[in-house]
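Step one of this worksheet: look at the structure below.
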Amino acid sequence: MDMKTTLPLLLLFACLGSAGFTAAADYDPLATVKEAKVAVSDAEVEDTGRDRAIPIRIYLPESGGKHALILFSHGLGGSRENNAYVAEHWAKRGFAVAAMQHAGSDAAVWKDAPAAKRFGALQKAANLESFMDRAADVKAVLDQLAKWNGEDKHLLKGRLDMERVGMSGHSFGAVTTQAVSGQSFPLRGRALTDDRIDAAVAFSPSRSRNRASQCSARSRSRGC
């Protein structure tokens, strides 16, 4: 990982805290406990109100106990399998990770299309409907994880600290992260914000349109 990746990770760990690590002068966000093991399992969240299924991949430390939770949202045309190296690293740091898959902007959009039409299919999927679906997916997944966390005999029973929740994503997933983590949008304000999210890291984020319009009216020499 380069410095652009390391610094946001440092901030996320500082906000949420992680099992087995303490803040110190020699704090290293890339370090993991060598013997740490991670259990990976797949599940599906059913959002009955939207008649929508949300596949997720859960990375859970095998050390037991309760762990802060990080949700991850893939980029355009991706899946819950993406960025596994990041999810595994976080899990080895003592976090529980739930990687989401968003129907309508996932791998299904392009994988069966002819090669010459794949880029166009991806462009078409990058729309407002997909954006709103993604934001709603985050809420639905958080709701379901909280339920599973309280269900007897469920593998997540008592394993999630729902008072310490982080959000992350790449590209379109970064936009999703921004939307649910406090970014303000024209006409909607912060309506998509989920107050359960305490910290966020956006990989390849996008500048808000409000900010972009302000910048266009300024001298570029000032920076933006």
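Quick notes on this structure:
- Flag if Lys111 is open to solvent by 40 Å² or more (accessible area, probe 1.4 Å), over 28 Å from Gly189 (Cβ atoms), of a type outside the set (A, V, I, L, M) and in a helix (DSSP H, G or I): no
- Filtered residues of the range 62-83 (kept if at pLDDT 95 or above and open to solvent by less than 40 Å² (accessible area, probe 1.4 Å)): His67, Ala68, Leu69, Ile70, Leu71, Phe72, Ser73, His74, Gly75, Gly77, Gly78, Ser79
- Yes/no for Asn149 being among the polar types (S, T, N, Q) and touching a strand residue (DSSP E or B) at 6+ places or on another chain (Cβ under 7 Å): yes
- Among residues of the range 184-207, those that are within 22 Å of Arg57 (Cα to Cα) and buried (at least 21 other Cβ atoms within 10 Å of the Cβ), counted: 3
- The residue that is farthest from the chain's Cα centre (by Cα), counting only those in the range 21-31 that are modelled with pLDDT of 75 or more and open to solvent by 50 Å² or more (accessible area, probe 1.4 Å), is Asp28.
- Condition met for Ala103 (open to solvent by 30 Å² or more (accessible area, probe 1.4 Å) and not charged (D, E, K, R)): yes
- Residue in the range 43-52 that is surrounded by fewer than 16 Cβ atoms within 10 Å (Cβ to Cβ), hydrophobic (A, V, I, L, M, F, W, C) and either out of contact with any Ser or Thr (no Cβ under 9 Å at 6 or more places or on another chain) or at pLDDT 95 or above (or both) present: no
- Residue in the range 64-76 that is polar (S, T, N, Q) and in a loop (DSSP other than H, G, I, E, B) present: no
Yes/no matrix, rows are residues, columns are (1) open to solvent by 60 Å² or more (accessible area, probe 1.4 Å); (2) outside any loop (DSSP other than H, G, I, E, B); (3) on the phi < 0 side of the Ramachandran plot:
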residue: Val97; (1), (2), (3): no, yes, yes
residue: Leu122; (1), (2), (3): no, yes, yes
residue: Val141; (1), (2), (3): no, yes, yes
residue: Gln144; (1), (2), (3): no, yes, yes
residue: Lys147; (1), (2), (3): yes, yes, yes
residue: Met162; (1), (2), (3): no, yes, yes
residue: Ser168; (1), (2), (3): no, yes, yes
residue: Thr177; (1), (2), (3): no, yes, yes
residue: Gly182; (1), (2), (3): no, no, no
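- Of the criteria (1) open to solvent by less than 50 Å² (accessible area, probe 1.4 Å); (2) touching a residue at least 24 places away in the same chain (Cβ under 8 Å); (3) more than 22 Å from Gly65 (Cβ to Cβ), which one Glu129 fails: (1)
The values are calculated or read from the model by the stated rules, or taken from the named source; none is laboratory data. Model, not experiment: these values are computed from the prediction. Ideal geometry is used to build each Cβ from the backbone, glycine not excepted, and the neighbour counts take in all protein chains shown. Quick note on the areas: whole protein, heavy atoms, side chains included, nothing else; ligands and nucleic acids left out. Shrake-Rupley method; radii C 1.70, N 1.55, O 1.52, S 1.80 Å.
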